[in-house]
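A short worksheet on the structure shown next.
The values are calculated or read from the model by the stated rules, or taken from the named source; none is laboratory data. These numbers come from a predicted model, not from an experiment. Glycine also receives a Cβ, built like all others from the backbone with ideal geometry; neighbour counts cover every protein chain displayed.
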Ligand SMILES: [Mg+2]
């Protein structure tokens, strides 16, 4: 079935959040000398582990955005035995530096140009409201669509059904006529599937493999998605 509307996830689907995060963390590491008590890779690994754990709590509503942004540096430093009163300053500086490294995943911008010429498109993201607004502006995402569903505005995050219901309503389409393109199996593919949407799973940046994935389509490179959508039979 030809989709009538295509929604895209943003981070690690269209924009390379992971490389921006790693580059920004390396810059922070070089700017704040107290962090250099451990090797840079150890710093990165610890930060990622602690940030992922806090994001799960944020996703479940157990902690708020401010607490997440404040404690992820404090907890990473504490776990590595680094004493510092500058965790707040480091956290704020990180968000500024992170912005400077935003970039497209290979082929994603070109694919979005082509796909948005053939289908109405929109975006759904779990990212922070303020950050995502800056991202939309800086990466000029409104070239492709003005429909942005940001979970912080809805009050729940993907894979919560309310996010997908809101998106379908704003797109004015039935659930089964929508295709969702995303990288997170648990948030995007399971969430989309449970909402009755079709799903396309972008697997180039994922670390885990899922046996018997329920995605309708998987792709590692954007031309593959474009060809698939061009060849879809009505
Ligand atoms: Mg993502």
Requiring at least 1 residues that are touching a helix residue (DSSP H, G or I) at 6+ places or on another chain (Cβ under 9 Å) and in the same structural domain as residue 34 (by TED's automatic domain parsing), the helices (runs of 4 or more DSSP H) wholly within the stretch 79-144 are 87-100
Kindly evaluate residue 36 against the criterion of being within 20 Å of the chain's Cα centre (by Cα), more than 16 Å from the ligand (Cβ to nearest atom) and either in a helix (DSSP H, G or I) or assigned by TED's automatic domain parsing to the domain that holds residue 108 (or both). no
Mind listing just one residue for me: the one in the stretch 178-191 that is in contact (Cβ under 8 Å) with a residue 60 or more places away in the chain and within 13 Å of the ligand (Cβ to nearest atom) and, of those, farthest from the chain's Cα centre (by Cα)? 180
Can you name the condition, by its number, that residue 179 falls short on among (1) in contact with a helix residue (DSSP H, G or I) (Cβ under 6 Å, 6 or more places away or on another chain); (2) crowded, with 18+ Cβ neighbours inside 10 Å? (1)
Lone qualifier among 54, 44 - being closer than 30 Å to residue 220 by Cβ, modelled with pLDDT of 95 or more, surrounded by 18 or more Cβ atoms within 10 Å (Cβ to Cβ) and not assigned by TED's automatic domain parsing to the domain that holds residue 168: 54
Which listed residue is more than 16 Å from the ligand (Cβ to nearest atom) and surrounded by fewer than 14 Cβ atoms within 10 Å (Cβ to Cβ), from 93, 118, 70: 118
Within the stretch 1-33, can you find the residues that are away from the ligand (no atom under 16 Å from the Cβ), at pLDDT 95 or above and closer than 30 Å to residue 230 by Cβ? 3, 4, 5
Within the stretch 202-209, is there a residue that is within 15 Å of the ligand (Cβ to nearest atom), under 20 Å from residue 2 (Cα atoms) and within 13 Å of the chain's Cα centre (by Cα)? yes
Across the stretch 136-153, the tally of residues that are surrounded by 15 or more Cβ atoms within 10 Å (Cβ to Cβ), more than 16 Å from residue 5 (Cβ to Cβ) and modelled with pLDDT of 95 or more stands at 4
